[in-house]
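Step one of this worksheet: look at the structure below.
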Amino acid sequence: MALRLNQKQDIVAEVNREAGEALSAVLVDYRGMTVGEMTDLRRRARGDGVYLKVVRNTLVRRAVKGTEYECLNDALVGPTLLAFSRGEPGTAARLLKDCVREYDALSVKALAIGGELLDAGEINRIAALPTREEALAMLMATMQAPIAKLARTLGEVPGKLARTLAAIRDAKESGN
């Protein structure tokens, strides 16, 4: 069934809104996936906060015009599943990387982060980006390390003195 003009405009507006808020985008060829596999993929995407939609390439081109995902236009060939990461840049890449391993029919076409088009082979690098919590934990560990080392160093001086005095006491007691 063909889409009416107002339906197409709604889709373009929706995808444009998501593109404006997204941190990264992944394009996937979904040819050959079963309905059950696609349903599972959509369920997992909802759980991870990933916007996932099958959209006609011409509508995607119109929707991403003027956004940082305009660089994806060259990769919009054939059946395309569009995924936008909302919360963290690596979320969609992690989800689709796992699904590509799981479903043979899926294949990554292209990725985009910050207006830069990346090759499909870069999905491992993007999927390896830390989550917000992991990044904060790494930052805190880095900030805490010098302070912890200083505390250990300052604590070592009285400890060394106490061990020296104990050794002297033990030597005097054994000498008597």
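The values are calculated or read from the model by the stated rules, or taken from the named source; none is laboratory data. Computed from a predicted structure; not experimentally measured. Counting neighbours? That spans all protein chains shown, and the Cβs are built from the backbone with ideal geometry, glycine included. SASA here: full protein model, heavy atoms, side chains in, ligands and nucleic acids out. Shrake-Rupley method; radii C 1.70, N 1.55, O 1.52, S 1.80 Å.
Placing pseudo-labels 7 Å out from each Cα toward the beta carbon at D40 and A128 gives an inter-label distance of 2.7 nm.
Rounded to the nearest 10 degrees, the inclination of helix 5-21 to the longest alpha-carbon principal axis of the chain is 20 degrees. Relative to the current alpha-carbon distance between D104 and Q9, full extension at 0.36 nm per residue lengthens the span by 30.9 nm. Taken over segment 72-173, the ratio of Cα radius of gyration to 2.2 N^0.38 Å equals 2.08. Ranking of D170, D29 by solvent-accessible surface, largest first: D170, D29 (1.4 Å probe, protein heavy atoms only, all chains present). Taking one quarter of the surface of the convex hull spanned by the alpha-carbon atoms of the chain gives a direction-averaged projected area of 16.3 nm². Once you reduce segment 1-71 and segment 74-136 to the center of their Cα atoms, the two points are 13 Å from each other. With distances taken between every two different alpha-carbon atoms, segment 1-92 has a Kirkwood hydrodynamic radius of 13.6 Å.
In segment 1-51, one over the average inverse separation of all distinct C-alpha pairs is 13.1 Å, which is the Kirkwood hydrodynamic radius.
For segment 132-176, the alpha-carbon coordinates run over 64, 14, 6 Å along the three principal axes, in decreasing order.
Report, in debye and to the nearest 20, how large the dipole of segment 1-138 comes out about its Cα centre when Lys and Arg carry +1 and Asp and Glu carry -1 on their Cβ. Walk me through the intermediate numbers first.
Details: 20 positive and 20 negative charges, 111 e Å.
Roughly 540 debye, rounded to the nearest 20.
The M138 and K160 beta-carbon pair, evaluated with R₀ = 22 Å, returns a calculated FRET efficiency of approximately 0.10. A cut-off of 5 Å between modelled amide H atoms, ignoring neighbours fewer than 5 places along the same chain, links A110 with L27. Could you work out the helix-only [θ] at 222 nm for the chain, with each DSSP H run of four or more residues adding -39,500 (n - 2.57) and the total divided by the number of residues, to the nearest 500 deg cm²/dmol? So the helix-based figure for the chain works out to -19000 deg cm²/dmol.
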